[in-house]
Structures are given as C-alpha cells and as structure tokens.
1. Roughly how much of Asp6 is accessible, in Å² to the nearest 10, using a 1.4 Å probe?
2. Compare Gly178, Gly57, Gly68 in a GNM of the chain, Cα atoms joined below 10 Å, and give the one with the largest fluctuation.
3. Express the C-alpha Rg of segment 21-217 as a ratio against the empirical globular expectation 2.2 N^0.38 Å, rounded to two decimals.
4. Pull up all non-local amide H partners of Leu163: gap of 5 or more, or a different chain, and H-to-H distance under 5 Å with H placed in the peptide plane.
5. Please report the accessible area of Thr195 (heavy atoms, 1.4 Å probe, ligands and nucleic acids excluded) in Å², nearest 10.
6. Per residue of segment 137-152, what does 6.51 cos²θ - 1.76 cosθ + 1.60 with θ = phi - 60° give for ³J(HN,Hα)? Whole Hz please, x for Gly and Pro, Karplus curve as stated.
7. Hey, if we sort Asp3, Asp66, Asp206 by accessible area with the 1.4 Å probe, largest down, what's the order?
8. Using helices alone, I'd like the mean residue ellipticity at 222 nm for the chain: each DSSP H run of four-plus residues gives -39500 (n - 2.57), total over residue count, nearest 500.
Amino acid sequence: MEDPGDGSFGVSTSVRPGINESYLGATEKDMGDWEERLEGESREVVQSRSALVALLGLEGGDVVADVGAGTGLFAGQLSDLVGAAGRVYAIDIAPQFLAHVRGKIAASGRSNVVFHLAGAKHIGLPPDAGVDVAFMCNVYHHVEYPGAYMPTLGAAMRPDGVLWVIDFKRIEGVTDPGILRHVRAGQEQVTEEITAAGFVLEESVDLLEENYILKFRWPST
Ligand SMILES: C[S@@+](CC[C@H](N)C(=O)[O-])C[C@H]1O[C@@H](n2cnc3c(N)ncnc32)[C@H](O)[C@@H]1O
C-alpha cells in the first residue's frame, strides 16, 4: 500500500490491509496451532523470553500493558512481576486470542490481569489507565493505523511511562525474505512513526539477533 501523501496513511487508511485477517478470523479450534506457532522455541523472543521480561524493569504495583498479547506468551510472567498490587492489561484486537489468554490466566489462578479488546485505530483504554510500562513484542508491524493508534496508547500512559517495542530487524540481504515481505518497516521508520505520535526515544538495546529493542518514554509535559 503506497502512501497517497494526503495525511490519511496510517491514520484513516491502513498501512497494511489484511495483515490481521488470520488473527481476527481465528476460532477456538485454531488456538492450539496458534499457541504452537507463537510459543514455539523457533521464535527468538521465546528463547529470550525471560531476559526480555527482566529488561522491562517491572516492580510490584506497576501497571503494565501487554499490547498485542497474542496467545499469552508474556502475560503470566508480567502478572507475577507486578504482583497483587499491580495490574496487567492484556490487550488484543482479536477476540478469540483474548478469550484464550483469559482462559489460561483464569486456570493459573492469577487475578491481576484485565482483558481488553482494542480497536484497530484506538486502543480504547481509559485516559486514567496510568500505564507505567507498555510492551509490544512483534506487534508494531501488525498495527494497521499507527498514526491514529499510537497517540491513543500515549494518552493511556502515566507521565514518564515507558514503551518497549521489540520487532524484526529489516535488513535487505540479511533478513529472511519472508520477514522482509511480512514486515513493512524497519527500525528507523518505526522510530520515526512512534516519535511522531509523541513518544521520545530513550534507548536501543542490543540483545537479540533478529529483533531490535527500543525503549521510548511518554513525556511528562
Ligand atoms: C505476532 S502476534 C504477537 C503476540 C505476542 N506479543 C507474542 O510476541 O507472542 C501479534 C498480535 O498482535 C495483535 N494485534 C494486531 N494489531 C493490534 C493492535 N492494533 N492492538 C493490539 N493488538 C494487535 C494480533 O491480533 C496478534 O495477537
């Protein structure tokens, strides 16, 4: 999809129409396959899951937003780190994924997770959600309307709250061709888009081979 240059791209026009079809159309019987796919050891972020979660610097009592929770790869660990005084918002646009995570969390007896169905253009969290840490792992390239969506995430952040974005490096000649086709933008463009939404880039962490890790802050003024 080309940018028509009229300001609608990523705001009212999707930057990648159809990229979420398989998530939005998933049914209960598909969830076993999805869990194998998203929680299999072939994913670098699964292999490094504990290191990634540790990097977030979560403390008891924090409010953390797992934006694009998928099958719940991270939700349980996030829940344990913020503890009974904290809260996890497990957020997704795909109802069946959210139902699946809800089932897993309920079965584990954790009670500090709130399940939230987001819209494609609006995360829909209340402005007083007070998110201390937002976490997007392999999700940003699925956000179809980043120009509309990311400011709404900002509005749900507490001042000085942190956003972590982990997504695929996109390097011609190095990155797997399937990833090059699937992922529309590389680290530089993603940084430009997220800073245009009002976040400030604070740090890039060199931990993974296939994915970059960016830390942004939502400024206090
Ligand atoms: C590749 S999966 C990653 C799931 C999980 N973060 C992980 O790493 O296992 C992408 C997820 O993002 C969700 N998603 C896509 N666009 C979204 C949006 N705007 N807000 C929240 N979730 C979204 C999809 O439905 C899907 O569950």
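1. 110
2. Gly178
3. That ratio works out to 0.96.
4. Long-range HN contacts for Leu163: Ala134, Phe216, Arg217, Trp218.
5. It works out to around 50 Å².
6. 10, 6, 10, 4, 6, 9, 6, 7, 10, x, x, 8, 6, 5, x, 6
7. Numbers: Asp3 90, Asp66 5, Asp206 140 Å².
Largest accessible area first, the list is Asp206, Asp3, Asp66.
8. Values: 9 runs with 73 residues, N = 221.
Value at 222 nm, helices only, nearest 500: -9000 deg cm²/dmol.
The values are calculated or read from the model by the stated rules, or taken from the named source; none is laboratory data. As the structure is a prediction and not an experimental result, all values here were calculated from the model. We place every Cβ from the backbone using ideal geometry, glycine too, and count neighbours over all the protein chains shown. Just so you know, the surface numbers come from the protein's heavy atoms only, side chains and all, with ligands and any DNA or RNA stripped out. Shrake-Rupley method; radii C 1.70, N 1.55, O 1.52, S 1.80 Å.
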